[in-house]
Structure formats: C-alpha cells, structure tokens
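Presented below is the structure to which this report refers.
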Amino acid sequence: MKKVLAILLALVMVFAFAACGSTPAEDDGAADAAELTVGFIFIGAINDGGYTQAHYDGMKAMEDYFGGKVATKYLENVNDSDKQASLDAARNLIDQGCNVIVGCSYGFMDALDELANSGDYDDVKFLHFSGNKMNDKNFGNFFGAIEQPRYLSGMVAGSMTKSNKLGYVGAFPYTEVQIGINAFTLGAQSVNPDAEVKVVYINSWGDPEAEKAAAEQLLAEGCDIIAQHSDSTGPQLAAQDAGAYAIGYNYNNPVAADAYLTAPIWHHEKFLIPTIESILAGKWTPESYYGSMSEGYVDLAPMTDLVPADVQDKVNAVKEKMVSGEFEPFSGKIEYADGSILCEDGQTLDRGQIWAIDKLVKGAVGVN
Amino acid sequence: MNFIRVTKRDDLPVRMEVIIRLVAIVLSLIAAGIVILVFGVDPVRIFKSIIEGSLGTTLRIQQTVVKAVPLIITSLGIMVAFKMKFWNIGAEGQITMGALAATWVALFMSDSMPLFAKLLLMALASMVAGGLWAFIPAFFKAKMGTNETIFTLMMNYIAIKFVTYLQYGPWKDPNSNGFPKIAPFPENAILPSLFGVHIGWIIAIICAILIYLFMTHTKKGYEIAVVGESTETARYAGMDIGKIIIIAMFVSGGLCGLVGMIQASAIEKTLVSGIANGYGFTAIITAWLAKLNPVIIIVVCLAFSMLIQGGAYIQIAMNVPSAVSSIVQGIILFFIMGAEFFLQYKVGFRHNEAKEVA
C-alpha cells in the first residue's frame with residue numbers, strides 16, 4: 001500500500017505543479033473576434049509536400065481571404081483508419097469553439113456521419129472531402145473532377161515514355177483511385193496507343209516507405225515514368241533516384257526536380273471560400289460539391305522545362321477544351337480490360353456513371 | 001561500464017520512494033519544458049493546458065474516460081499473465097480475435113435479436129475467442145516449455161493479417177465501391193452510452209473489481225501468484241503448474257478479447273484490422289507502472305489517457321505540431337519509468353572489487 005500512496009502523491013504533484021506555477025492563460029484573441037471558427041482534420045503532416053499540404057494551403061488561403069472574420073484550428077496526423085481518433089479529433093475541435101468541421105480524408109467519413117446525425121451537434125456544420133455520405137441538415141461533402149488533370153498528366157507521360165510502360169502507385173483498388181488510373185491511361189493512350197499502365201496498390205492512402213517501395217518495384221519492371229495516387233513525395237524521389245520521370249499528385253512540389261514533370265493538383269480554397277461565405281451569410285445547405293477545371297478547383301500544375309514545348313502545346317490545347325467544356329476524359333468508346341464496355345461511341349459519362357467505375361480500362365493492369 | 005555497480009535494493013523506506021518519484025516528475029517536467037521552449041512555446045502554459053484539456057469540461061473528461069476504457073481492461077488482462085511471470089505480449093492479437101468473434105455475432109446473427117441478448121452473446125464470443133487465442137501459446141508453454149514472449153507476439157500478426165484478409169476478401173462490404181471495409185454493425189449490436197460515454201467504462205470497473213477479488217480472494221488467484229514467485233515452490237506444494245498457466249492465460253486473453261468487442265461495438269461499429277490500435281502494447285506499460293495492482297491500473301490508465309487527450313488539446317489550442325505533444329508524453333513517461341529502475345536497484349561506483357573481476 002505504500003507504493004499506492006506514493007504513486008497517488010506523485011500524480012497529485014503533477015497536477016499541483018502544473019496548476020500553481022502557471023500564469024493566467026492568455027485567451028486566443030483571434031478566435032474570439034472571429035464570427036466563425038473552422039476546424040480541419042488532416043490525415044498527414046501539414047508540411048508533407050503532398051496531400052495534406054494541399055489541404056492546409058487551401059485552409060490558409062481561405063483564412064486570409066476572410067481577414068480575421070474566420071479563424072481556423074486544425075489537427076494533423078490523425079489516423080483515418082482509427083475511428084476513435086477521428087471522433088476525438090472532431091469532438092476536440094468542436095469543444096474548442098469550431099462551428100464548422102472539415103474532414104480531409106476519406107476515412108473520416110463514418111466518424112463525421114455519426115456526429116452530424118447524433119443530434120448533439122446540430123449547430124455544427126460538417127464538410128467531408130472525397131466521401132459520398134451527407135444529410136440534409138448539417139453534413140455535406142466535396143470533391144472534384146481530378147480525372148480531368150489526370151488525363152492531361154497521362155498525355156504528358158504517354159508522350160515522354162520510351163519504354164511505353166508507365167508505373168502508377170495506387171492507394172486502394174477503390175473507385176476514386178480506379179477513376180484516376182483510367183483517366184491517366186486514356187490520356188496516355190490518346191497520344192501513344194502502345195502505352196501501358198502498371199499499377200501497384202499500397203493499401204494505404206499514404207505511407208512514404210510503402211509508396212517508395214511500390215515505385216521501385218514498378219521501375220524494376222521497366223516503367224520509365226511514375227505517377228501516383230498516394231499522399232507523399234516518395235514515388236517521385238524513387239523515380240529521380242532511378243533516373244526516371246515522375247508525375248506527382250495533389251500539390252505542385254518539385255522536390256524531385258530532376259524527375260518532376262507535372263502533377264494533377266487541388267485548389268481547395270476554390271471550394272472553401274464560397275462555402276464558408278454562404279455559411280457566414282446563413283444561406284448554406286448541405287451539398288455534394290464536384291469542382292472541375294473550369295472553376296479552377298482541380299488543375300494541372302505548370303509543366304516543368306523537362307517537358308518539350310511541342311508536348312506542352314498539345315496538352316494545353318486539350319486543357320483549353322476541358323476548361324471550356326468541349327471535352328471530357330470519359331467520352332467516346334472506352335473498353336474495360338476484361339472486354340466489357342465502359343462508355344459507348346458518342347457517349348459522355350456523367351458523374352454518377354464515373355463514380356460507378358469499378359475496374360481498370362484496357363491497357364492498365366493492377367496488382368495488390 | 002565496469003566502474004558502475006548496480007545492485008538490487010532489498011527494502012526502501014517510503015520516504016525515499018516518494019522522493020525518487022518526485023525527483024523523476026520534476027526532472028521530466030524540466031526536460032519537457034526545455035524541449036517546449038525550443039519550439040518557442042511557454043512550457044507552463046503547455047502543462048496547464050494538458051490538465052485543462054483533459055479535465056476542463058464534462059466533454060473533455062468523457063474523452064479521457066473513453067480512451068482509458070480499453071487500456072484499463074487490457075492492462076487487467078496483461079496483469080493476470082504477468083503476475084505469473086508469463087509474458088503475454090499477445091494482447092493485440094487477443095483483442096483482434098475478440099473483435100472478430102463479436103463481429104461475426106453482430107453481422108451474421110439475427111438483426112431482430114434484442115439488444116441485450118445480442119451484446120451478451122457478442123461479449124461471450126469475444127471472451128472465448130480472445131481466451132482461445134491466448135490458450136494456444138499457454139498450452140505449448142505448459143506442455144512443451146516454448147517461449148511465450150515470441151509465441152504470443154507472433155500470434156498478433158496472424159490475427160491482424162487474418163482480419164485484413166477478411167476486410168479485403170470475403171467480408172468486404174459490397175456497398176463500399178470497392179473500398180476494403182467490413183459492413184457496419186446493425187443497431188442491435190451497438191453498446192449503449194451512460195453519462196455520455198459508452199458503458200464500456202462500467203464494464204472496466206466491474207472487471208477491475210472481479211480481477212481484484214479473483215487475485216486476492218480465490219485459490220486460483222493465489223496459485224497464479226505462487227507460480228509467478230517460484231515454480232519450484234508451486235511444484236513442491238503440489239500445484240498443477242500447466243493447468244494454472246492455461247487457466248490464467250484464458251482469463252488474460254478473455255479480458256483482452258472483451259476489449260475487442262467493446263471497441264468494435266462502441267467505437268468502430270464494425271471490424272477493422274487496426275482494431276487493437278496498440279492498446280496491447282501500451283497496456284504493458286500501464287500494467288507495469290501500476291505494479292500489477294488492479295486498483296492502481298485504473299489510476300495509471302486514467303493518467304495516461306489524460307496525457308493523450310491533453311496532447312490533442314494543446315495541438316489545437318496552441319497550434320503546436322503534433323510531434324510536440326508526442327515528445328512531452330514520451331519524456332514524462334521516460335522519467336517515470338526511469339524512476340522505477342532506481343526504486344528497484346541501487347547504483348554505486350565500483351572501487352576495489354572491480355580489479356578483482358578484471
């Protein structure tokens with residue numbers, strides 16, 4: 001029992017030390033003056049050079065735009081396959097005064113759904129990136145036609161490959177990822193009918209080591225350009241080490257400068273600013289936003305000098321047609337690898353049809 | 001390191017124990033404070049915020065308790081095995097198998113079953129599954145003297161990979177657009193809440209009381225302690241050591257299995273391969289810090305959860321990187337664990353006898 005006493009005493013001391021020795025906490029002045037506080041939940045680190053940094057920059061751009069009217073808080077490195085952590089992150093942000101919660105990874109969906117529909121947080125608005133759940137009172141989602149810049153990045157890769165083998169580091173064999181692989185493949189084939197895409201799935205949204213290992217595997221199989229649907233810059237660095245080219249994702253980050261050609265990127269502020277504006281005005285109702293290249297929500301990062309001028313011109317010409325709405329990646333006759341038909345001649349897939357994609361198109365092969 | 005002499009302490013006056021612990025805590029706060037200063041934040045404010053963030057409001061207390069529940073029950077399970085000096089490193093696997101069994105009941109038995117009946121069945125299934133997963137290494141230890149540390153550790157990976165297989169294969173939810181996840185539980189398989197926290201906290205308290213009684217007031221509990229102290233004594237007293245090992249491990253694994261059911265039912269509301277979430281390893285620390293005492297386990301696990309919850313709070317409130325709260329947690333833990341060493345051993349400098357050895 002002596003030891004019990006000692007441990008108890010020790011704990012009491014921790015409290016006492018922390019409580020007595022402190023000066024009165026300064027209140028966060030910025031948050032008090034703001035009309036709205038928006039809390040972001042990030043899966044990675046805000047300086048990951050990829051997925052999370054793109055979200056973080058969107059958050060910062062939104063905050064700057066409103067100049068003090070809107071405050072932001074965030075939690076980084078929240079594990080999206082750990083529901084407890086996801087729930088805690090949202091609850092802790094709300095506890096600290098957030099009126100809007102933005103969940104920036106697919107895996108946060110079920111946690112946000114649970115809180116939004118619990119009845120405890122009816123005055124809090126939930127926005128979720130990349131999911132398909134919503135309700136009609138306080139839960140909306142947002143995503144974009146990243147297939148458009150994916151197609152363009154495929155054109156770049158198809159034009160520049162010598163081996164005609166393109167490597168693609170994929171997250172999960174899940175619709176969102178399949179759409180991207182298919183768009184990339186179609187873009188590559190539009191300029192190079194012999195181009196093949198090899199996919200290695202890492203079964204995680206982001207894991208620098210696994211991403212790098214997958215890229216190395218693809219490089220060893222003869223791929224000379226590596227594209228990715230994963231959060232970090234690992235695949236680009238692996239490509240650079242092997243003297244190959246790389247196409248990034250999410251964020252324009254030439255960290256592997258000798259390899260980096262371009263990247264399909266997100267401009268999350270294009271969604272956040274109008275949405276927060278309508279929340280401030282009290283006019284917001286939950287929606288399922290799907291931003292396109294016309295709105296500037298998704299884009300192709302400026303192609304680097306490694307991409308020859310004639311390729312740049314060709315890609316930019318198609319880009320213009322996409323922005324003006326004349327051309328969509330999923331249009332015309334498209335066959336799946338197993339021979340079934342994804343899209344008929346003269347047809348253009350709508351959003352619902354695109355999000356029903358569950359296989360890879362001809363020319364793309366995936367391994368788990 | 002020849003010049004340092006480490007000897008085991010026999011008996012330490014209470015006053016010394018308290019002093020060593022206090023020194024450890026003060027040192028940990030100073031060391032953590034220096035690191036925090038390097039990040040350009042006021043350390044006193046950080047420490048105050050950790051307390052505020054974990055106990056400041058009802059919601060924060062609830063958040064702290066939610067984190068403590070799986071830790072407490074897992075620590076209790078580990079404690080039973082450790083009392084016997086059976087190093088059960090396999091709690092992760094036992095939690096995972098418990099969750100798997102509970103999920104089978106939740107998803108594949110009637111949706112119209114009353115809530116209470118279904119939860120009871122899930123709890124029983126999870127305890128049996130966790131118990132069986134612990135029984136396997138216990139059986140081989142009892143019959144063939146295998147090394148339980150490695151055996152239980154390996155069993156973790158089998159359990160986790162098996163759930164991964166189900167998640168990507170036969171149990172994949174057809175409504176998830178190809179995303180590898182298992183279908184959510186029906187309503188009658190979800191643990192209800194009381195005072196804003198799922199009733200796992202009541203289960204944790206009941207478990208602590210039962211294990212306390214089991215260890216101190218039953219013959220089996222006494223036998224487990226004797227085997228832990230000395231197998232020779234146990235054998236001399238005519239105890240069936242193999243049987244005691246198997247029973248203790250079944251209890252240990254059963255408790256861990258129950259954690260799997262609670263987490264799957266109350267938190268995830270489905271089964272995921274990461275359901276054990278490192279609790280099986282963290283609980284080794286908490287059980288050990290609590291000196292394998294069921295009552296202190298509750299206190300230590302709550303303190304541990306405060307650190308985690310407070311760590312999340314300072315990240316948001318003070319905009320510090322998540323690494324800062326991890327560092328603070330790590331440093332505090334390092335010193336408190338370090339103090340345990342000085343409580344058990346005496347460190348002195350060698351003088352002449354060193355030469356004799358050389």
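Any number yet on Rg/Rh for the range A:207-248, C-alpha, Kirkwood?
My calculation of the ratio gives 0.90.
Considering only the other residues whose Cβ falls under 10 Å of the Cβ of A:Ile146, what net charge follows from Lys and Arg at +1 and Asp and Glu at -1?
Counting the neighbours of A:Ile146, the net charge comes to -2.
Pull up the DSSP beta bridges for the protein assembly as shown and report the antiparallel fraction as a percent, rounded to 5.
Values: 15 of 56 bridges.
The answer is about 25 percent antiparallel.
When N counts the residues of chain A, how does its alpha-carbon radius of gyration compare numerically with 2.2 N^0.38 Å, as a ratio? Present the calculation step by step, with values, prior to reporting the outcome.
Numbers: Rg = 22.9 Å, N = 368, 2.2 N^0.38 = 20.8 Å.
Taking the Cα Rg and dividing by 2.2 N^0.38 Å, one obtains 1.10.
How big is the Cα convex hull of the range B:1-149 in projection, averaged over all directions, in nm²? List each step's numbers first, then the result.
Numbers: hull surface 66.9 nm².
Its Cα hull, projected and averaged over all orientations, spans 16.7 nm².
Considering only DSSP beta bridges with both partners in the range A:207-346, what is the antiparallel share in %, to the nearest 5?
Values: 5 of 10 bridges.
For the range A:207-346, the DSSP antiparallel bridge percentage is about 50.
Report the calculated FRET efficiency for B:Arg5 and B:Thr216 (r = Cβ-Cβ distance, R0 = 51 Å), to the nearest 0.05. It would help to have the intermediate numbers written out before the result.
Working: r = 37 Å, r/R0 = 0.73.
Computed FRET efficiency for B:Arg5 and B:Thr216: 0.85.
Please express the Cα-Cα pair-distance distribution P(r) of the protein assembly as shown as a list of whole percents, one per 10 Å bin, running from 0 to the bin with the greatest distance.
Over the protein assembly as shown, the share of Cα pairs per 10 Å bin runs 3, 13, 20, 23, 19, 13, 6, 2, 0, 0 percent.
What residue among B:Trp133, B:Ile247, B:Val69 has its Cα farthest toward the positive end of the dipole of the range B:67-323, where the charges are +1 on Lys, Arg and -1 on Asp, Glu, each on the Cβ?
B:Ile247
So which of A:Lys73/A:Lys283; A:Lys125/B:Lys269; A:Lys165/A:Lys212; B:Lys220/B:Lys346 end up more than 28 Å apart, counting from Cα to Cα? Before the final figure, lay out the partial values.
Values: A:Lys73/A:Lys283 23 Å; A:Lys125/B:Lys269 23 Å; A:Lys165/A:Lys212 18 Å; B:Lys220/B:Lys346 35 Å.
Over 28 Å Cα-Cα: B:Lys220/B:Lys346.
A:Gly291's amide H: which non-local residues (gap 5+, or another chain) put their own amide H closer than 5 Å, with H modeled 1.01 Å from N in plane and none for Pro or chain starts?
When sequence neighbours closer than 5 places are left aside, the close amide H contacts are A:Phe143, A:Gly144, A:Ala145.
What does a probe at A:Asn164 reach in the range A:194-221, counting residues whose amide N is under 16 Å from the point 7 Å along Cα→Cβ?
Those under the cut-off are A:194-198.
Which value, in debye to the nearest 20, gives the size of the charge dipole of chain B about its Cα centre, when Lys and Arg are +1 and Asp and Glu are -1 at the Cβ? If you can, show how the numbers build up before the last one.
Values: 26 positive and 18 negative charges, 73 e Å.
Dipole magnitude for chain B comes out near 360 debye.
State whether chain B is rounded, prolate or oblate according to the following rule on the C-alpha gyration tensor (a ≥ b ≥ c being the square roots of its eigenvalues): a/c under 1.5 gives rounded; otherwise a/b larger than b/c gives prolate, and the remaining case gives oblate. Walk me through the numbers on the way to the answer.
Numbers: a/c = 1.95, a/b = 1.20, b/c = 1.63.
Note, shape of chain B comes out oblate.
Can you list which of the DSSP-assigned H helices in chain A have a Cα extent of 15 Å or more along the long axis and an average Kyte-Doolittle score of at least 0.5?
Details: long enough: A:2-20 (26 Å, 2.29); A:51-66 (24 Å, -0.99); A:83-95 (18 Å, -0.44); A:147-160 (20 Å, -0.23); A:175-191 (25 Å, 0.62); A:208-220 (18 Å, -0.22); A:269-280 (16 Å, 0.82); A:309-323 (21 Å, -0.46).
Long hydrophobic helices here: A:2-20, A:175-191, A:269-280.
When the scattering of the range A:285-368 is computed by the Debye formula from its Cα atoms alone, each counted once and equally, what is log10 I(q)/I(0) at q = 0.10, 0.11, 0.13, 0.21 Å⁻¹?
Evaluating at q = 0.10, 0.11, 0.13, 0.21 Å⁻¹ gives log10 I(q)/I(0) of -0.36, -0.44, -0.61, -1.15.
Simple spin-label model, 7 Å along Cα-to-Cβ: A:Asp241 to B:Thr231 in nm?
So the label points at A:Asp241 and B:Thr231 sit 4.6 nm apart.
Please give the FRET efficiency for A:Lys137 paired with A:Glu277, using the beta carbon to beta carbon distance and R0 = 22 Å, rounded to the nearest 0.05.
Details: r = 20 Å, r/R0 = 0.89.
The computed FRET efficiency comes out at 0.65.
What share of the DSSP beta bridges in chain A is antiparallel, in percent to the nearest 5?
15 percent
Report the residue, chosen from A:Lys60, A:Lys198, A:Lys125, that carries the largest GNM mean-square fluctuation when chain A is represented by alpha-carbon nodes joined by springs under 10 Å.
Of the options given, A:Lys60 has the highest mean-square fluctuation.
Beyond a 30 Å Cα-Cα separation, which of these cross-linked pairs lie in this structure: A:Lys362/B:Lys181; A:Lys133/B:Lys118; A:Lys319/B:Lys181; B:Lys118/B:Lys181? Kindly include the intermediate steps, with their values, before the conclusion.
Numbers: A:Lys362/B:Lys181 27 Å; A:Lys133/B:Lys118 28 Å; A:Lys319/B:Lys181 36 Å; B:Lys118/B:Lys181 22 Å.
From the list (A:Lys362/B:Lys181; A:Lys133/B:Lys118; A:Lys319/B:Lys181; B:Lys118/B:Lys181), the Cα-Cα distance tops 30 Å for A:Lys319/B:Lys181.
Going by amide H atoms built from the backbone, whose H comes under 5 Å of the H on A:Ile202, apart from near neighbours?
For A:Ile202, whose amide H was placed from the backbone, the distant partners under 5 Å are A:Gly170, A:Ala171.
With a point put 7 Å past each Cα toward its Cβ, work out how far B:Val347 is from A:Asn252 in nm, to one decimal.
5.5 nm
Which order do A:Leu306, B:Leu120 fall in if you start with the one that has the fewest other Cβ atoms within 10 Å? If you can, show how the numbers build up before the last one.
Working: A:Leu306 17, B:Leu120 12.
Taking fewest neighbouring Cβ atoms as first place, the list is B:Leu120, A:Leu306.
With θ taken as phi - 60° and the coefficients 6.51, -1.76 and 1.60, list the Karplus ³J(HN,Hα) couplings across the range B:25-41 in order, rounded to whole Hz; mark glycine and proline as x.
Calculated HN-Hα couplings, in order: 5, 4, 4, 5, 5, 5, 4, 4, x, 5, 4, 5, 4, 4, 7, x, 10 Hz.
Once R0 is set to 60 Å, what does the formula 1/(1 + (r/R0)^6) return for the Cβ-Cβ distance between B:Thr149 and A:Asp310, expressed as a FRET efficiency to the nearest 0.05?
On the way: r = 64 Å, r/R0 = 1.07.
Computed FRET efficiency for B:Thr149 and A:Asp310: 0.40.
Return one quarter of the surface area of the convex hull spanned by the alpha-carbon atoms of the range B:248-353, equal to its mean projected area, in nm². Don't skip to the answer; put the middle values down first.
Numbers: hull surface 43.8 nm².
If you wrap the Cα atoms of the range B:248-353 in a convex hull and average its projections, you get 10.9 nm².
Given points 7 Å out from each Cα along the Cα-Cβ axis, report the B:Ile19 to A:Asn47 separation in nanometres with one decimal.
4.4 nm
How big is the convex hull of the Cα atoms of the range B:8-86, per residue, in Å³? Could the numbers behind the result be given before it?
On the way: hull volume 13.9 nm³, N = 79.
Taking the convex hull of the Cα positions in the range B:8-86, it is 176 Å³ per residue.
Once fully extended, how much extra length lies between B:Ile209 and B:Asn319, figured as 0.36 nm per residue of separation less the alpha-carbon to alpha-carbon distance? It would help to have the intermediate numbers written out before the result.
Working: separation 110, 0.36 × 110 = 39.60 nm, distance 4.07 nm.
The B:Ile209-B:Asn319 span can extend by a further 35.5 nm.
Quick one: Karplus J couplings for the range B:195-204, per residue in order, coefficients 6.51, -1.76, 1.60, θ = phi - 60°, nearest Hz, x for Gly and Pro?
Running phi through 6.51 cos²θ - 1.76 cosθ + 1.60 with θ = phi - 60° gives 6, x, 10, 4, 5, x, 5, 5, 4, 4 Hz.
A short reminder: the numbers here are calculations on the coordinates, not readings from a lab. Please read these numbers as outputs of a predicted model, since none were measured by experiment. Methodologically, a virtual Cβ is constructed for each residue, glycine included, from the backbone with ideal geometry; neighbour enumeration extends over all protein chains shown.
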